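S.K.: What follows is a structure written as structure tokens; I'll ask about it next.
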Amino acid sequence: MSSRRAGYTLIEIMTAVVVLTIGATGVIAMQGASVRSNQDASETSTAINWATTWVERVKRDAASWIATGNADFASPNTRYLFQATTSPGAWHEPAAVAPESAGADYFGFDTNVAANVRYCINLRFTVAHAFNPLTRTMVTTTDANAIRADVRVWWHRSGQDADRTGRLCLGGTGLTNTEEASPQLRKHYLSTVVTWRAPGP
């Protein structure tokens, strides 16, 4: 009388291996997507904090603007706002003085070392309001009393030629139209309005 042993056939084993492989591949892909998502979120958070820092610097700079008109915020009275007349409505890299810098490292701290730059700041100033109190009419930038300040922070995505940020920032070639449209580039914007203030007693 022959005995028969129960077991798995080769086809059953191969089927199980295929199913497990497909499942493991899905888990690994989800893990990679999660890591990339967390990395993007971390970069965005750092960029927003860096842009906020520059909004506060522009506001601090406006404290030196104590009379209406562009003559008062001309250089050297202000560190950054003077470019509202020299480069009105144009994006530019702020001529920061150490320890401040237009470039920030991976953690969002000022750095003047191009190789360490991960994020770069651009500013754009436009006259938001100009009024001549004598004629009580709207005028040109010569009687500006409010300036809109736009802050743009940009950087290259992780693994996408991140070192290029440092080469284009800190007096580099800046952003070309091609760079602006590049999917490798990420940008965030913040805006504020600053006004002149008469000095206190």
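The values are calculated or read from the model by the stated rules, or taken from the named source; none is laboratory data. Values in this document were obtained by computation on a predicted structure and should not be read as measured data. We place every Cβ from the backbone using ideal geometry, glycine too, and count neighbours over all the protein chains shown.
S.K.: Please determine whether any residue of region 162-169 is at pLDDT 75 or above, of a type outside the set (Val, Ile, Thr), in a strand (DSSP E or B) and buried (at least 19 other Cβ atoms within 10 Å of the Cβ). First the steps, then the outcome.
M.R.: From region 162-169, those at pLDDT 75 or above are 169; that's our starting set.
Filter again for of a type outside the set (Val, Ile, Thr), leaving 169.
Checking which are in a strand (DSSP E or B) leaves us with none.
No; the residues of region 162-169 include none that is at pLDDT 75 or above, of a type outside the set (Val, Ile, Thr), in a strand (DSSP E or B) and buried (at least 19 other Cβ atoms within 10 Å of the Cβ).
S.K.: If Asp105 meets every condition in (1) without any contact (Cβ under 8 Å) to a residue 24 or more places away in the chain; (2) closer than 20 Å to Ala63 by Cα apart from one, which number is that one?
M.R.: Every listed condition holds for Asp105 apart from (2).
S.K.: Quick check on this structure: which one of Ala16, Ala74, Ala47, Ala24 is in a helix (DSSP H, G or I) and either within 29 Å of the chain's Cα centre (by Cα) or at pLDDT 85 or above (or both)?
M.R.: Numbers: Ala16 fails: either within 29 Å of the chain's Cα centre (by Cα) or at pLDDT 85 or above (or both); Ala74 fails: in a helix (DSSP H, G or I); Ala24 fails: either within 29 Å of the chain's Cα centre (by Cα) or at pLDDT 85 or above (or both).
Exactly one of Ala16, Ala74, Ala47, Ala24 is in a helix (DSSP H, G or I) and either within 29 Å of the chain's Cα centre (by Cα) or at pLDDT 85 or above (or both), namely Ala47.
S.K.: Just the residues that are among the basic types (Lys, Arg) and modelled with pLDDT of 90 or more, please, taken from region 111-130. Break it down into steps so the answer makes sense when it comes.
M.R.: Start the filter on region 111-130 by keeping residues that are among the basic types (Lys, Arg), which leaves 118, 124.
Correct list: Arg124 only.
S.K.: Conditions first: (1) in a strand (DSSP E or B); (2) modelled with pLDDT under 90; (3) not aliphatic (A, V, I, L, M). Gly89 passes all but one, so which condition is the exception?
M.R.: (1)
S.K.: Further question on the same structure: Against the conditions (1) at pLDDT 70 or above; (2) in a loop (DSSP other than H, G, I, E, B), where does Thr173 fall short? Just the number, please.
M.R.: (1)
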